[in-house]
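The structure under discussion appears below in the form of structure tokens.
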Amino acid sequence: MNRSRRNPLFWVMMVLLSAVFVFPIAYMILTAFKTRVESQQVPPTVLPEHWTLGAFRTLLFVDDASPVLRWLANSTIAATLFALLSVTICAMAGYALARLQFRGRDTIFKLIIATMFVPGFVFLMPNFELMNKLAWLDTFQALVIPGAASAFGLFFMRQFFLGLPVELEESSRIDGAGPLRTFFQIVLPNARPAVMTLLVLQFLANWNDFIWPLYTMFSDTMLTLPVGLSRLQGAYTIDYPVIMAGATIAAVPVLILFVLLQRYIIQGVASSGLK
């Protein structure tokens with residue numbers, strides 16, 4: 001590995017790969033600072049000729065603009081609650097399937113993993129009917145509770161718990177700790193990388209979700225950011241700077257979250273044995 005890093009071709013490939021991922025994000029941000037006329041020029045410009053905050057003012061401060069800040073708050077609340085609930089459920093279920101001995105444990109695990117091969121659209125109508133029966137449509141419950149028990153999250157946490165030394169739990173049992181105390185005071189603190197990784201993944205899954213909020217949120221005050229931003233597109237004209245400004249606002253919290261927790265994410269994926 002060290003020898004390959006000394007090869008100039010290695011760094012050229014890294015720069016090219018980085019450019020592939022960074023350029024769309026950079027172009028999105030730069031377009032948000034352009035005028036509407038410049039954003040539609042052919043050939044397009046990369047850097048704005050006249051830098052302006054007009055798109056952000058239109059998006060956030062014009063009286064007749066859509067309630068973008070409310071959509072941002074809705075997405076933040078829903079994604080945060082969803083991530084916390086999902087991590088709690090998946091961590092406890094993953095630990096049970098990794099450590100506890102009970103009849104049918106492996107069969108239950110295989111059935112849960114089998115649901116990962118079923119397309120998510122199959123569950124759209126049953127979940128919608130369930131939310132309708134519970135009178136949870138157009139509420140945060142509909143954004144948070146369905147999907148919190150993630151099969152992938154359970155698998156991810158189980159793989160991490162299988163890699164933890166059993167001696168940690170045995171020593172706590174010798175000291176008189178029960179299963180719950182062992183889990184919360186011994187196992188969970190040692191699973192911090194996996195917990196943080198799953199927290200970010202579930203936050204992103206809920207933050208970027210479009211189809212489910214589109215079907216279950218009806219009032220403008222309950223829309224999430226992805227659904228709300230889609231309404232900024234007109235029937236005949238598209239204000240690209242405004243849309244890119246909205247996409248930039250939607251991307252900022254995600255980028256901040258990843259920068260703050262990237263150390264845990266890398267450690268968690270490496271420790272779980274996932275590729």
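Things worth noting here:
- Spans of helices (runs of 4 or more DSSP H) in the stretch 73-178 with at least 3 residues under 24 Å from Leu225 (Cα atoms): 124-133, 140-144
- Residue satisfying all of: in the stretch 210-225; in contact (Cβ under 8 Å) with a residue 40 or more places away in the chain and open to solvent by 50 Å² or more (accessible area, probe 1.4 Å); nearest to the chain's Cα centre (by Cα) among these: Ile211
- Hits in the stretch 93-111 (condition: in contact with a helix residue (DSSP H, G or I) (Cβ under 9 Å, 6 or more places away or on another chain) and open to solvent by less than 50 Å² (accessible area, probe 1.4 Å)): Ala93, Gly94, Tyr95, Ala96, Leu97, Ala98, Arg99, Arg105, Phe109
- So Leu84, is it over 13 Å from Phe161 (Cβ atoms) and either modelled with pLDDT of 90 or more or open to solvent by less than 80 Å² (accessible area, probe 1.4 Å) (or both): yes
- The sole residue among Leu164, Leu198, Leu137 that is open to solvent by less than 30 Å² (accessible area, probe 1.4 Å), under 24 Å from Ala73 (Cα atoms) and touching a residue at least 24 places away in the same chain (Cβ under 8 Å) is Leu198.
- Subset of the stretch 69-92 [out of contact with any Phe, Trp or Tyr (no Cβ under 8 Å at 6 or more places or on another chain) and closer than 14 Å to Ala194 by Cα]: Leu84, Ser86, Val87, Thr88, Ile89, Ala91
- Helices (runs of 4 or more DSSP H) fully within the stretch 1-56 counting 2 or more residues that are modelled with pLDDT under 85 and at negative phi: 2-5, 8-32
- Filter pass, Val46 being more than 30 Å from Val166 (Cβ to Cβ), free of Cβ contacts under 8 Å to residues at least 12 places away in the same chain, open to solvent by 40 Å² or more (accessible area, probe 1.4 Å) and of a type in the set (Val, Ile, Thr): no
- Residue list for the stretch 228-246, filter: hydrophobic (A, V, I, L, M, F, W, C) and either open to solvent by 60 Å² or more (accessible area, probe 1.4 Å) or without any contact (Cβ under 8 Å) to a residue 40 or more places away in the chain (or both): Ala235, Ile238, Ile243
The values are calculated or read from the model by the stated rules, or taken from the named source; none is laboratory data. This structure is a prediction, so every number in the text was calculated from the model and none was measured. Don't worry about glycine lacking a Cβ; one is built from the backbone with ideal geometry, like all the others, and counts go over all protein chains shown. Areas reflect the complete protein model, heavy atoms only, side chains present, ligands, DNA and RNA absent. Shrake-Rupley method; radii C 1.70, N 1.55, O 1.52, S 1.80 Å.
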